[in-house]
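Here the structure comes first, spelled out in structure tokens, and everything after it is commentary.
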Amino acid sequence: MNIRLIPAFIILLSIGCSKQKVVFSNNPGAPDYLHNRPVGASANEILSSSKYSSVVVEVQYMTGYAPDATAMNYLQGFINSYANKPGGITVVTKQIDASSSATLNLDQVRNIEEANRTAFTSTSQIALYILYTNGNYSDNNVIGLAYRNTSIVIFGKTVHDNSGGLGQVNRVKLEATVGEHEMGHLLGLVNLGSPMQASHQDAAHPNHCTNSNCLMYYSSNTKDALGFLLAGNIPTLDANCAADLHANGGK
């Protein structure tokens with residue numbers, strides 16, 4: 001998510017992530033194809049109970065940038081609202097070493113995941129990964145990205161710099177909105193692995209919804225959202241986005 005503007009090319013770069021062999025240091029035997037696919041490629045696997053009956057979300061955070069517990073509860077509830085997982089949704093958190101870089105590019109984010117991730121998809125459980133960094137993205141307008149089929153990064157310093165202070169948006173609202181928006185992309189929205197049941201993709205902002213009140217509307221990724229969140233609630237998915245998820249195996 002971007003507090004001013006997430007250009008479409010950032011989403012497209014994430015969708016077209018590299019095909020090179022990936023080695024996760026904490027589990028070098030982790031099947032590469034399960035964790036190194038484009039954003040949205042695991043949408044049905046996350047939503048449906050046919051292959052995996054439960055979800056574990058591993059949240060790793062760098063020193064000083066632990067996720068807000070309430071925002072995590074909102075994110076867990078968001079997943080539970082749409083993922084058909086009779087075995088439940090589990091969230092586990094772990095602190096990792098801070099990065100020495102004040103800014104990170106996407107390759108660096110991937111490298112951090114590969115060196116630290118410990119939760120991997122198994123026979124009956126699909127694993128998702130969220131990284132909270134102690135720095136900003138190389139494009140400092142960006143607050144978070146979905147960059148692999150099960151992977152999200154949230155730039156903690158950017159969250160902290162733009163929330164929680166006098167006259168700023170509530171941190172829980174901003175963090176929850178970022179997390180839920182990017183999780184929506186992992187679930188295949190919009191037209192990103194969960195086929196549209198009705199046309200509602202914004203042609204000018206690919207993989208976002210045309211409904212200005214929807215969580216997946218592109219302005220949820222802009223500075224305009226900060227003003228809305230000062231007085232409004234965390235945006236929710238509209239009927240079209242919810243229908244896409246239901247049709248793809250979700251609730």
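Only one entry of Lys51, Lys85 meets the criterion of being within 18 Å of Asn248 (Cα to Cα), in contact with an Asp or Glu (Cβ under 7 Å, 6 or more places away or on another chain) and at pLDDT 95 or above, and that entry is Lys51.
Looking at Gly179, Gly193, Gly188, just one residue is closer than 23 Å to Phe120 by Cβ, in a helix (DSSP H, G or I) and touching a residue at least 60 places away in the same chain (Cβ under 8 Å), and that residue is Gly179.
Checking the stretch 124-137 against the condition returns a match, with at least one residue being closer than 18 Å to Thr177 by Cα, over 14 Å from the mean Cα position of the chain (by Cα) and surrounded by fewer than 23 Cβ atoms within 10 Å (Cβ to Cβ).
Within the stretch 164-177, which residues are surrounded by fewer than 21 Cβ atoms within 10 Å (Cβ to Cβ) and in contact with a strand residue (DSSP E or B) (Cβ under 9 Å, 6 or more places away or on another chain)? It would help to see each step written out before you state the result.
Taking the stretch 164-177 first, the residues surrounded by fewer than 21 Cβ atoms within 10 Å (Cβ to Cβ) are 164-168, 170-172.
Scanning the stretch 164-177 gives Asn170, Arg171, Val172.
Does the stretch 228-242 include one or more residues that are modelled with pLDDT of 95 or more, in a helix (DSSP H, G or I) and farther than 27 Å from Glu58 by Cα? For the stretch 228-242, residues modelled with pLDDT of 95 or more, in a helix (DSSP H, G or I) and farther than 27 Å from Glu58 by Cα: present. Given the structure, is Gly156 at positive phi and modelled with pLDDT under 95? Judged against the criteria, Gly156 is not a match.
If you go through the stretch 56-100 and keep only what is closer than 12 Å to Ile130 by Cβ and part of a helix (DSSP H, G or I), you end up with Ala71, Met72, Leu75, Gln76, Ile79.
The values are calculated or read from the model by the stated rules, or taken from the named source; none is laboratory data. On a predicted model such as this, the values are computed, not experimentally measured, just so you know. A quick note on method: Cβ atoms are made from the backbone with ideal geometry, for glycine too, and the neighbour counts reach across all protein chains shown.
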